[in-house]
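Have a look at the structure below, then the notes.
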Amino acid sequence: GTEPAGSRERAKLWGFVQPEFQSTDGTPLRAGPFAGQPANFNLIAPGLDEHTEFLIRRARLGLRGNVLPQGDTLNYFLLLDAGDNGITRYNGGRIKLTDASVTLNRFPGARIRVGQFKYPGAEEGLMAIQNYDYINFSNATNALLQERFFDSDGSVSGMDENAPNGAVGAFRDLGVQVFDAFIVKDWEHSYAAMLGNGNGILRGDDNDSKDVYLYWASERVF
């Protein structure tokens, strides 16, 4: 959410495309009420209806830079996604706004970011996907940290298909964040504190109760 110190660029256009092919054995479940059906973890996301598939997983176009021409005290960050994934499959249209924020860098040690962006959380979620070492998130991150939203639990037969009612959380939220990083001798310390809706991307608050996110990292710089 910040531009490099001393940068004067007003607008930097950037983006990337992630085409992919995935194939699994599509192993069916052997027991339980869904016996004979293919296991979801052996199907290709986001459709989860095939075990061998070509996809344009992500196709993202972004714009970032300085709001004011005379300095780097106010930055902005915009990002659109037109790929086939858990963000774009729901709520009509395949082009979705994933990030839109403004960052104020006026106060030493406390940058202030407002808008929709990645909340301070797991390292896997915070990492830029084009720098990620693997094709998919780990099972723990995908199943426990990647939020999905439902109208109910699907327990009423014929009344609810138990499908998501919108985009996945994508490790993002709408809110305000204070953050920064600083070096002390051989160590770099970074922190973030955010107040957000707690309801994923492209959504307002659904319960009048805000979520608080806290993050701290101390790393030896070799």
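Would you call residue 72 charged (D, E, K, R) and more than 27 Å from residue 21 (Cβ to Cβ)?
So residue 72 fits the description; yes.
Table: residues versus (1) more than 14 Å from the chain's Cα centre (by Cα); (2) touching a residue at least 60 places away in the same chain (Cβ under 8 Å); (3) assigned to a loop (DSSP other than H, G, I, E, B).
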| site | (1), (2), (3) |
| --- | --- |
| 84 | yes, no, yes |
| 106 | yes, no, no |
| 120 | no, yes, yes |
| 137 | no, no, yes |
| 163 | yes, no, yes |
| 173 | no, no, no |
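Out of everything in the stretch 48-64 that is without any contact (Cβ under 8 Å) to a residue 40 or more places away in the chain and not charged (D, E, K, R), what residue ends up being nearest to residue 4 (Cα to Cα)?
The selected residue is 56.
For every residue, the table says whether it meets (1) among the hydroxyl-bearing types (Ser, Thr, Tyr); (2) modelled with pLDDT of 95 or more; (3) open to solvent by less than 20 Å² (accessible area, probe 1.4 Å).
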| residue | (1), (2), (3) |
| --- | --- |
| 169 | no, no, yes |
| 174 | no, yes, no |
| 191 | yes, yes, no |
| 196 | no, yes, yes |
| 200 | no, no, yes |
| 204 | no, no, no |
| 210 | no, no, no |
| 216 | no, yes, no |
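Restricting attention to the stretch 65-82, which residues are in contact with an Asp or Glu (Cβ under 7 Å, 6 or more places away or on another chain) and either free of Cβ contacts under 8 Å to residues at least 60 places away in the same chain or within 15 Å of residue 15 (Cβ to Cβ) (or both)?
If the condition is that a residue be in contact with an Asp or Glu (Cβ under 7 Å, 6 or more places away or on another chain) and either free of Cβ contacts under 8 Å to residues at least 60 places away in the same chain or within 15 Å of residue 15 (Cβ to Cβ) (or both), then 65, 77, 78, 79 are the ones that fit.
Could you list all residues from the stretch 69-91 that are open to solvent by less than 60 Å² (accessible area, probe 1.4 Å), under 23 Å from residue 178 (Cβ atoms) and not acidic (Asp, Glu)?
Of everything in the stretch 69-91, those that are open to solvent by less than 60 Å² (accessible area, probe 1.4 Å), under 23 Å from residue 178 (Cβ atoms) and not acidic (Asp, Glu) turn out to be 71, 73, 74, 75, 76, 77, 79.
Identify the residue in the stretch 143-156 that is without any contact (Cβ under 8 Å) to a residue 24 or more places away in the chain and closer than 19 Å to residue 122 by Cβ and, among all such residues, is most open to solvent (accessible area, probe 1.4 Å).
Looking at residues that are without any contact (Cβ under 8 Å) to a residue 24 or more places away in the chain and closer than 19 Å to residue 122 by Cβ, I get 144.
Evaluate the following for residue 115: is it open to solvent by less than 70 Å² (accessible area, probe 1.4 Å) and not in a strand (DSSP E or B)?
no
Failed condition for residue 94, given (1) more than 19 Å from residue 59 (Cβ to Cβ); (2) open to solvent by 50 Å² or more (accessible area, probe 1.4 Å); (3) basic (Lys, Arg), with all others met?
Exception for residue 94: condition (1).
Within the stretch 97-112, how many residues turn out to be open to solvent by 60 Å² or more (accessible area, probe 1.4 Å), within 30 Å of residue 182 (Cα to Cα) and of a type outside the set (Lys, Arg)?
Selection size over the stretch 97-112: 3.
Evaluate the stretch 50-62: report whether one residue or more is over 30 Å from residue 22 (Cβ atoms) and in contact with a strand residue (DSSP E or B) (Cβ under 8 Å, 6 or more places away or on another chain).
No, the stretch 50-62 contains no residue that is over 30 Å from residue 22 (Cβ atoms) and in contact with a strand residue (DSSP E or B) (Cβ under 8 Å, 6 or more places away or on another chain).
Count, please, the residues in the stretch 33-62 that happen to be assigned to a strand (DSSP E or B), aliphatic (A, V, I, L, M) and exposed (fewer than 15 other Cβ atoms within 10 Å of the Cβ).
Of the residues in the stretch 33-62, 1 are assigned to a strand (DSSP E or B), aliphatic (A, V, I, L, M) and exposed (fewer than 15 other Cβ atoms within 10 Å of the Cβ).
The values are calculated or read from the model by the stated rules, or taken from the named source; none is laboratory data. These numbers come from a predicted model, not from an experiment. All Cβ positions, glycine included, derive from the backbone under ideal geometry; neighbour counts span all protein chains shown. These accessible areas exclude ligands, DNA and RNA; they are computed on the full protein's heavy atoms, side chains included. Shrake-Rupley method; radii C 1.70, N 1.55, O 1.52, S 1.80 Å.
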